[in-house]
1. Just reorder S121, S188, S222 by solvent-accessible area, largest first, 1.4 Å probe, all chains present.
2. For L72, what residues show an amide H to amide H distance below 5 Å, using hydrogens built from the backbone and excluding near sequence neighbours?
3. For the pair F141/H35, report the inter-label distance in nm, with labels modelled 7 Å from Cα in the Cβ direction.
4. According to a simple spin-label model (label point 7 Å from Cα along Cα-to-Cβ), what is the distance in nm between K191 and Y221?
5. Would you mind classifying region 136-200 by shape? Square roots of the alpha carbon gyration tensor eigenvalues, ordered a ≥ b ≥ c; an a/c under 1.5 is rounded, otherwise it is prolate if a/b is larger than b/c and oblate if not.
6. Compute the Cα gyration tensor for region 60-206, then decide on rounded, prolate or oblate, letting a ≥ b ≥ c be the square roots of its eigenvalues: rounded whenever a/c is under 1.5, prolate when a/b is larger than b/c in the other cases, and oblate in all that remain.
7. With the Cα gyration tensor of region 1-144 in hand, give its eigenvalues times 5 under a square root as the equivalent ellipsoid semi-axes, listed largest first in whole angstrom.
8. In terms of modelled amide H atoms, which long-range or inter-chain residues lie less than 5 Å from the amide H of I41?
Amino acid sequence: KLYPWQPQKELKIPYEAVLLAFNHLIERSGDMRDHCFCFFIDGLDEFEDPEEHHAMLAERLHTWTNLNADGLKICVSSREENAFLNEFSQQQRLPLHYLTQGDITKMTTNSLESHRRFRQSTLEEREALTHAIVAQAHGVFLWVKLVLDEIHDALNDILPNDSLQSLYDLLGTIPEDMAKFLNHVLQSIAKRNRVEAWTVLTLAMATQQLGNPMLTSIIFYSFAGEFSKNKRFGVESQLHGATVLEIRTRVD
């Protein structure tokens, strides 16, 4: 019998099988001449596979559309990496960060201007810092939100007569790549809080594929305290037999 709090087996398809199926699809594009397809693929730059480089992925997509130009359209999104810039025509690009630049500028300005210490700086300094943040964001709102959180914390340590140079220094240490930035945020967690933080993140990742993730996360998190104190508490307390009863009690 399966319970919702039990992790399910992850389905893993070998790379060779995926590649074979994709190449077969490309080769049989002529068979689809009576049909039209349109695919939207988000975040090509986030694709990570040791067997498939970004340049190879872009070339496969390009080949696919060339073999079925009348019946297949693909719209992809990505950061401006050379692998994609070299493969996809400039005439067919739409730089979204240009379209969102106004909204990000407004978001950044409103957030910074809400801090009294920031308003005490000269207009020239304020506009320069805002421009630097917007330029480095490349249209990623989440990146801006995380940066603004760090900037706000740093503003609390700046004296009224000091310049904003320390904020520029802070901005220079923040990675533009989102994955690296998230790692930067995780590493900035105080050591005394890291065990609890890692536990919560692990629980979130372990339960996201389950049928009732909200309920399951709450159940798992209720054991976080025991786990933080003793990582072998499940074994030492012979939890397997008592787990079902304990979980049912906590659910009720």
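1. On the way: S121 10, S188 75, S222 45 Å².
Largest accessible area first, the residues go S188, S222, S121.
2. Residues meeting the criterion, in which the H sits 1.01 Å from N, are F37.
3. Going by the 7 Å Cα→Cβ label model, 3.5 nm.
4. The two pseudo-label positions are separated by 2.7 nm.
5. Working: a/c = 2.50, a/b = 1.32, b/c = 1.90.
The shape class here is oblate.
6. Details: a/c = 3.09, a/b = 1.55, b/c = 2.00.
Judged from the Cα gyration tensor, region 60-206 comes out oblate (a/c at least 1.5, b/c at or above a/b).
7. On the way: eigenvalues 337, 114, 37 Å².
In descending order, the three semi-axes are 41, 24, 14 Å.
8. C75, V76, S77
The values are calculated or read from the model by the stated rules, or taken from the named source; none is laboratory data. From a predicted model like this one, the values you see are computed outputs, not experimental measurements. Cβ sites come from the backbone with ideal geometry, for glycine too, and all protein chains shown count toward neighbours. SASA here: full protein model, heavy atoms, side chains in, ligands and nucleic acids out. Shrake-Rupley method; radii C 1.70, N 1.55, O 1.52, S 1.80 Å.
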